[in-house]
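For reference, the structure discussed in these notes is given below.
Rule-based calculations on the coordinates, nothing more; no lab input. Bear in mind that the values here come from a model prediction, so they are computed numbers and not experimental data. All Cβ positions, glycine included, derive from the backbone under ideal geometry; neighbour counts span all protein chains shown.
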Amino acid sequence: MSISEELRGTFSTGLTRPLDWRREQLGGLVRLLRQDASTLTDAMAADLGKPELEGWLTDVAAVRRDIEGIHRHVDAWAAPRPVRVPWRLQPGRAQIVPEPLGAVLVIGPWNYPVRCLVLPLAFALAAGNAVAVKPSELAPATSAALAALLPAYLDGRAVSVIEGGPKVAEDLLRQRWDHIFFTGGAKVGRLVMAAAARYVTPVTLELGGKNPAIVDHSVDVDVVARRIVWAKFLNAGQTCVAPDYVLVDNRIEEPLLAAMTKTLAKFYGGDPHQSRAFGRVVNDAHMERLLKMLRATKARVVTGGASAASDRYLAPTVLADLNWDDPVMEEEIFGPLLPVLSYSHLDDALSELKARDKPLALYVYSVDAELIERVISGTSSGSVCVNHSAVQLAVPGIPFGGVGASGMGAYHGQAGFDTFSHAKGVLRRPQRGELPLMYPPYNRVKRWLLRKLV
């Protein structure tokens, strides 16, 4: 019997439906993140060189806070919602009843290996599903930690943790699921979607893209540099919502570049290789990909550029004097390289953006309210953050997800619960108390009345 069949069998018993069971599972995740935080941060440090505080903030504390919020709201989210019934269908009562989907699969990424696996798992459990989770094999220490810890805190009859590489993932995707939630790159996302089509399985794809940061001439360059540099080089640039490149008004390009150089020295010291606040590239293959990109670029290296392949270290690097056709602009960078392009006219920059795939996030820095609205209304992206970067993820009520090539579906807040639920419409009517106008045989009077009523 396959894993999906086992979980579907558990689901069919009704085990996962009671709200008490759902709250118990959410409480188990909260306890895991509180009691075994150091185990998880140590594992992420082994996999990614992730600083302990950074790992705790992004993958442990923030996730625990979000799950505590899910625990508080799950009763309200799961409650039937009344819907107004038109007078023509009275007497009657209508509701939208959220119901769990069944057996769902969550495939996690390597860059935030706890956050992007445990949080979707929490929403799936809150919605009343049985869940299989597959941590990324590219973060092996974290995968092993999650495989050991999750069964100790959750109901093993309804939650399965499966470790392994691409062959394991392929086997899981051949099975029949009621929903597949995938976080990762667009290439694998297409394979997930193709596999899901076999059973017409709905999917949520959290992918990524080349997220632009537009910087207007009206800004305080020191503030902007600090916020962009922080978001870009967090986790060594391996963040799906990190600014992938900067589009800056040419009047302030050089001041911004100087401010970024100054900020990087303040954050990571004169030699970031020695800094305990800067992480590492996940593996040799990604390291070589980034070095190839750096070697191929025609851009000027403003700061950084150093590397140590044996340590998977690539310095936080800012690039300038490049065009849209430069090799670093061909694909999502997903590493510590930050190209800075300048523009003379905002409309030209927006035209370039609209000609490309829709990004997961877009950032605009300005004090000009009209310009900000032009950017928001004139572009399409998964989310927009004004005068900061990446922090929109910390607002639980904002759905997180992509559009177009950057993904489909969303989670965070109630959107996460809804992703793993089916909104079932229910209409209740009594057996008495209706006019028989809709039933045959039809005559002139019935036709006249129905046309008037409908």
(request) Please check which bits of the stretch 427-454 a label hung off Trp87 would reach, taking the label as a point 7 Å along Cα-to-C-beta and the cut-off as backbone N under 13 Å. (result) 453-454
(message) Let me spell out the model: positive unit charges on the Cβ of Lys and Arg, negative unit charges on the Cβ of Asp and Glu, origin at the Cα centre of the chain. What dipole size does that give, in debye rounded to 20?
(response) 2660 debye
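State the Kirkwood hydrodynamic radius of the stretch 212-394 in Å, one decimal place, computed from all pairs of distinct Cα atoms.
16.4 Å
Note the full-extension length gain between Trp324 and Arg289 as 0.36 nm times their separation in residues minus their Cα-Cα distance, in nm to one decimal. Numbers along the way, then the final one.
Details: separation 35, 0.36 × 35 = 12.60 nm, distance 1.94 nm.
Stretched out fully, the Trp324 to Arg289 stretch lengthens by 10.7 nm.
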(request) Between Val384 and Phe267, take the C-beta separation as r, use R0 = 41 Å, and let me know the FRET efficiency to the nearest 0.05. (result) 0.95
(request) Note down the net charge around Gly404, summing +1 for each Lys or Arg and -1 for each Asp or Glu among other residues with Cβ under 14 Å from its Cβ. (result) +2
(request) Please go through the residue pairs Lys210/Lys424; Lys266/Lys354; Lys292/Lys358; Lys134/Lys292; Lys167/Lys354 and name each one whose alpha carbons sit more than 27 Å apart in this structure. (result) Lys210/Lys424; Lys266/Lys354; Lys134/Lys292; Lys167/Lys354
(request) Could you please rank Lys292, Lys210, Lys232, Lys358, placing first whichever residue has the fewest other Cβ atoms within 10 Å of its Cβ? (result) Lys292, Lys358, Lys210, Lys232
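Expressed in nm to one decimal, what extension gain is obtained for the pair Ala144 and Ile376 from 0.36 nm per residue of sequence separation less their Cα-Cα distance?
Going from the current span to full extension adds 79.3 nm.
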(request) Report the FRET efficiency, 1/(1 + (r/R0)^6), for Asp347 and Val395, where r is their Cβ-Cβ distance and R0 is 30 Å, rounded to 0.05. (result) 0.50
(message) Nearest 5 percent is fine: what portion of the DSSP beta bridges confined to the chain is antiparallel?
(response) 35 percent
(request) Please work out how much length the chain gains when fully extended from Asp220 to Ile96, using 0.36 nm per residue of separation minus the C-alpha to C-alpha distance, in nm with one decimal. (result) 39.8 nm
